[in-house]
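Below you'll find the structure, written out as structure tokens, and then a few comments.
Just so you know, all these numbers are worked out from the coordinates, no wet-lab data involved. Keep in mind that what you see is a predicted model, and the values were worked out from it rather than measured. For neighbour counting, all protein chains shown are included, and Cβ atoms are generated from backbone atoms with ideal geometry for every residue, glycine included.
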Number of protein chains: 4
Amino acid sequence: MNFASDNWAGAHESIAQRLLAASAGFASAYGTGDLDKKVEARFCEVFEREVSVFFVATGTAANSLALASVQRPGGITFCHSEAHVIEDECGAPEFFSGSARLVAVPGASGKIDPARLSSKIADFPEDAVHHGRASAVTITQATEIGTVYTLPEIGEISAIAKKRNLALHMDGARFANALVALGATPAETTWKRGVDMLSFGGTKNGCWCAEAIVFFHPDQAKEMPFIRKRAAQLFSKSRFIAAQFDAYFDNDLWLDLARHANSMADGLRGGIGASNTARLAWPTASNEVFAVVTKGAARTAEHRGATFYEWPIPAATPDLVDDNETLIRLVTSFATTKADVDGFLKCLAA
Amino acid sequence: MNFASDNWAGAHESIAQRLLAASAGFASAYGTGDLDKKVEARFCEVFEREVSVFFVATGTAANSLALASVQRPGGITFCHSEAHVIEDECGAPEFFSGSARLVAVPGASGKIDPARLSSKIADFPEDAVHHGRASAVTITQATEIGTVYTLPEIGEISAIAKKRNLALHMDGARFANALVALGATPAETTWKRGVDMLSFGGTKNGCWCAEAIVFFHPDQAKEMPFIRKRAAQLFSKSRFIAAQFDAYFDNDLWLDLARHANSMADGLRGGIGASNTARLAWPTASNEVFAVVTKGAARTAEHRGATFYEWPIPAATPDLVDDNETLIRLVTSFATTKADVDGFLKCLAA
Amino acid sequence: MNFASDNWAGAHESIAQRLLAASAGFASAYGTGDLDKKVEARFCEVFEREVSVFFVATGTAANSLALASVQRPGGITFCHSEAHVIEDECGAPEFFSGSARLVAVPGASGKIDPARLSSKIADFPEDAVHHGRASAVTITQATEIGTVYTLPEIGEISAIAKKRNLALHMDGARFANALVALGATPAETTWKRGVDMLSFGGTKNGCWCAEAIVFFHPDQAKEMPFIRKRAAQLFSKSRFIAAQFDAYFDNDLWLDLARHANSMADGLRGGIGASNTARLAWPTASNEVFAVVTKGAARTAEHRGATFYEWPIPAATPDLVDDNETLIRLVTSFATTKADVDGFLKCLAA
Amino acid sequence: MNFASDNWAGAHESIAQRLLAASAGFASAYGTGDLDKKVEARFCEVFEREVSVFFVATGTAANSLALASVQRPGGITFCHSEAHVIEDECGAPEFFSGSARLVAVPGASGKIDPARLSSKIADFPEDAVHHGRASAVTITQATEIGTVYTLPEIGEISAIAKKRNLALHMDGARFANALVALGATPAETTWKRGVDMLSFGGTKNGCWCAEAIVFFHPDQAKEMPFIRKRAAQLFSKSRFIAAQFDAYFDNDLWLDLARHANSMADGLRGGIGASNTARLAWPTASNEVFAVVTKGAARTAEHRGATFYEWPIPAATPDLVDDNETLIRLVTSFATTKADVDGFLKCLAA
């Protein structure tokens, strides 16, 4: 009953086996091998257009280097107040872009509020040398709190960004979970809505370590080989990333894994909604569930072997929990089983 | 007959299998899991003292972050003129240390000349604010051209560095190959000779991706958790690095693999030394062999399936090759077979 | 009737003359001349303790380099939401500190709210590698909106900072105006209240270009000579800054100039308070006055030759002005005359 | 008899007086005032084309920001081995360009050797991601050792740079001295020979503090307002720089001052050439003279009040001085008098 995080899981067997199979033989290094090229071609198919793909080591690297590629001196990137880039990356996005600033934009449900975004952007007129320059917008899909931007919502953010010629980046650490929740294609969710760059995360969805930056306009990626190398993110034995993605895409494994994780989360959502000792803190659509549970129920669950994080109460909703309650986060993954879900729900009922 | 580079090889089977075995189950993320802790303890055993260990994604990251941890504003790091850090890392060491400068020191056999080092350091008096400040020295073991610093040579460099209170870093991308060539222990080769930090490379010696920065004085590593995270080098599923090192150290696999690679290089050295169409360009002791071969022999070898790089003629020895000769580099690894070596030597004889 | 900004004024005659007098003769460069040393000694007298002083070119440089000197990887500096460092320096503070982040803390009257500061700092636990590290707090004295921290208020901020071992910086672009408003000594206002570093501004108070970073604990300034030189802020003919400060301190000219400026602002405050067409937007104590005036009165004043900026309505007080009103900022300086003040007040009455 | 450096002199009286005259009245800040605009127009006249001009605080800032404006990730700037940017700026050029590397190119007489430049550039093929990318070339005019590039020499360097599309920067800390030595116009010496950016130095030639970056192709300067502000180099009371340049250009004062300084150096060169106790170390053409003098003569001169620096023996000419000799540098300026020169020559004869 481990719901701590999708990055506590290991690797899906198909991916681990593919990696094993790729361990023999010689391949040219630094991303120039045949498997790398094959996987790059797969990315083009998946996104239904020519894209430029850059493997990197971590989601933080994907976000940071993507944003670095569009920064200018004094540049500003707009993100949600609870975005991973501003909360959990120790300043990496600023570091890699030579000190560009992140400006937080509030918004309900973990999503940037379009009106607030417009207003924040307006604080940075084109030539106001003292304030800095609006350069990019980044959104997280699925969001850090388990919600998912709808396609029109993405389009709305995109339209605001384009008006000021800002690059639009999507942090897709849980991209597959969002796709499955939306029932939309990768293309529809990204470049067809004006997304310029995607951090395509495989790690949380069953890979060991498989992250890629996808540029939907390859001519905007010209600096990236140098940005990546200078960032110490160019793997020599690059095929060990490629092999993971190769298995990941085969027969839509990636979507199956995400579908499974989301479905396990659905189970949790259903059970919690029907529970007397717990309730959903807010609606979520992907593989994260946030629940208000009685402290007693939380302790019981832990006592019976459940692992999860208690979560800080969002500043916007200080009255979310009573004195005898606590907010918890439950994350599912490819490795979550129905038995885990049922077991946990039983703890709540106990 | 692939002698292109040790990073063209895949992963040794024991390591790949261990990774597969580690793919199941849940483990806490970001380096806090049990396997991470076990492997850290192994590093302490291997080096016969308490050390601080930080896994990172690439050798470039290991070098850059180690050097960044000891930089000061206007800092200078002294390295050999042909060092990987100055030749092949696209400015990463400077980037991560906030623009510290690398100053090249010449020296025969790919090793820093101690007298030249002293002289270069003397160009930067303690308080000369215009010039910048001597901060660190880095040496590569084994060197980029296949030679190996002897223990007294390391001690001599170290003594010069200590006189000015400079940190001493060792780039150990091929550390195991050097150890085996010297017949020395990890401790004797590093902290017992005054090395402060080691880039401990596993990738070139049979791992997929296993690089670690080892600090021999843990109190000097206090900033490293933040330096690493800010550098986007903290893996979430850190155990996939730990698992590789776990297998790497078991039963001294790492030394066996290096011994094998060096022995294959010995075979090449012997055969080339006895050849009519080739000669050793300079003596080497690890898993790299540099040979002057006739252009005809080189073409024949390629035609018969050998893979290797032709190498630029070192500036110091412009007359190294005749018009009908070329300089080539041959690198062996755990994956090199005796058949490869024999096959290549036959090409030369043809 | 120029109330646009104190940096629209030129140089006070005593300062300009002293500069002229210093133009002859030779002096050793880069801050090593006799006049530099004399002025450094004056700083020690002014602050009643040994201090380290570094001249720089701009207030932005003073703030940025002071903060850079106490940053650590992933470091966070807390500032007021309307602080100059976060609003008007185009990312310079982050740039010079290798991407440290500024975190805005709200507070009434342009001053950091102590409870909000404590709460924000608590968001960054000591070893939370993902969030970044609390490193420094900066306050502006006088504030950007004309108010002044009282001595106990400084002490309260300081106590909070010290609890977490954060450096405390004071942006003193209008330090003299604050001193005069408080009737306090330089020492009382700074190190006796726990301030570690001060950006000591002379430019807005009658100098051409005279800014200094003052360290109250000289051992904390050891890196500064290199930080300043690397930042291209070390003047060769450093005496032209020294000469300005020399005149600035003579016979307490600096305090007289600030007293004059504040007194002119008092005149404006009095007249506006008594006016029918204007009112004070909020109380101020230094040389800045913010007034709500009818649009008609504003146009009349401009028409009669008054220069000032209309100011954005603070987000916290959206109802500050009616439809037929506007918010304006009036800044006085050494160069403001009683005739300017009277003239402006007459415009309002017209 | 002060020959220590041209930055030991103060300010020429005309410049100091103009500054005094400009001290009264109000002017809009941050480079937007009338005097700023007038001086910018003067730069266009001086250079016979539309140029973009940016005032900064120091020569180091001018060089660093000019080079930063043309850097790319992993960028390389080629400079002479003895260039100020690599010898005396504490890493500022690298710092401001996000860690771009300076690569030293040797050459006789303080000038880049064109063949060596071509060869060094060739070490960095266009797409070699590991090595970094050739981005810019910088030359110093007059050079750090008193020599001057001829117009054809500039053209030759420029042609090499253009072949690889590298920006060409000129460090003109002593630009006026070079112009006068060449008898060439500003235009002929710069953009007509392919120079893209010039660090135009006034400080060493009679100003207090007057440095400007001149872009000969204004469309290449679009990022500069932000680069400069972020670098903390945008003066609020910008007119105090403008006023200096205003006087500097009036009636060609700048050329007269340089002519005077060069002529004083001519006096030294003549006297030293005819001396028994001294000889010219190498030919120079501007306001710097390098002489080998007997240690006795050096001591005598110092004893009689002469100030100058002893200079390190260039590595390329280790036999330049005998045991009883020393190498000295003599720098003249607008403030040097014929009496100083004659006095010094008398010391040598004593």
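Here are a few things to note about the model shown:
- On the basis of the beta-carbon distance and an R0 of 25 Å, D:Thr317 and D:Glu48 show a calculated FRET efficiency of 0.05.
- Computed over the alpha-carbon atoms, the protein assembly as shown gives an Rg to Rh ratio of 0.98, Rh here being the Kirkwood radius from the mean inverse distance.
- Burial ordering of C:Asp123, A:Asp36, fewest other beta-carbon atoms within 10 Å first: C:Asp123, A:Asp36
- Computed about the Cα centre, the dipole magnitude for the stretch D:254-349 is approximately 220 debye when only Lys and Arg (+1) and Asp and Glu (-1) carry charge, each at its Cβ.
- Couplings for the stretch B:195-211, taken from phi via the Karplus curve 6.51 cos²θ - 1.76 cosθ + 1.60 with θ = phi - 60°, read 6, 8, 9, 10, 7, 9, x, x, 4, 6, 10, x, 8, 6, 6, 8, 10 Hz in order; Gly and Pro are left as x.
- Span from the the stretch C:272-331 Cα centroid across to the the stretch C:1-29 one, whole angstrom: 31
- Spin-label model distance (nm) - B:Asp127 vs C:Ser118, 7 Å beyond Cα toward Cβ: 4.4
- Cross-link reach list, aspartates and glutamates versus B:Lys111, counting only Cα pairs under 14 Å and skipping chain neighbours closer than eight places: B:Glu82, B:Glu144, B:Glu153, B:Glu156, B:Asp171
- Here the stretch C:208-259 and the stretch D:216-262 have alpha carbon centers that stand 23 Å from each other.
- Between A:Ala339 and B:Lys163, the distance separating the two model label sites (each 7 Å from Cα on the Cα→Cβ line) works out to 6.8 nm.
- Estimated dipole of chain B in Debye, rounded to 20 [Cβ of Lys and Arg +1, of Asp and Glu -1, Cα centre]: 420
- As a length-normalised measure over Cα pairs under 8 Å and 6 or more apart, the relative contact order of the stretch D:254-349 settles at 38 percent.
- Basic side chains Lys and Arg get +1 at the Cβ, acidic Asp and Glu get -1 at the Cβ, and with that the dipole of the stretch D:48-151 about its Cα centre reaches some 180 debye.
- Sorted from shortest to longest, the distances between the B:Arg304 label points of this copy and the other copies are 7.1, 8.1, 10.2 nm, with each point 7 Å from Cα along the line through the beta carbon.
- Comment: the Cα-to-Cβ extended label point of C:Ala349, at 7 Å, lies 7.8, 8.4, 11.4 nm from its counterparts in the other copies, nearest first.
- 10 Å Cβ neighbours from other chains, averaged over peptide A:240-250: 1
- Mean separation of Cα contacts under 8 Å, 6 or more apart, over the residue count of chain A: relative contact order %: 24
- Chain D: calculated mean residue ellipticity at 222 nm from DSSP helix runs of at least 4, using -39500 (n - 2.57): -11500 deg cm²/dmol
- Across the copies of the chain, D:Ser263 has label points (7 Å from Cα along Cα→Cβ) spaced 5.2, 8.4, 9.5 nm apart, shortest distance listed first.
- The H on the amide N of C:Gly75, modeled in the peptide plane, is under 5 Å from the matching H of C:Arg101, C:Arg133, each at least 5 residues off or on a different chain.
- Spatial separation of Cα centroids for the stretch D:67-87 and the stretch C:102-158, in angstrom: 39
- Taking a ≥ b ≥ c as the square roots of the eigenvalues of the alpha-carbon gyration tensor, the stretch D:13-253 is classed prolate because a/c is 1.5 or more and a/b outweighs b/c.
- Per the axis that maps chain A onto chain C, nearest residue of A (Cβ criterion) and its distance in Å: A:Ser99, 2
- Listed by Cβ neighbour count within 10 Å, with the fewest neighbours leading, D:Thr140, B:Thr337, C:Thr143 appear as B:Thr337, C:Thr143, D:Thr140.
- Which listed pairs, of C:Lys163/C:Lys222; B:Lys204/B:Lys295; D:Lys37/D:Lys237, have C-alpha distances above 21 Å, in listed order: C:Lys163/C:Lys222; B:Lys204/B:Lys295
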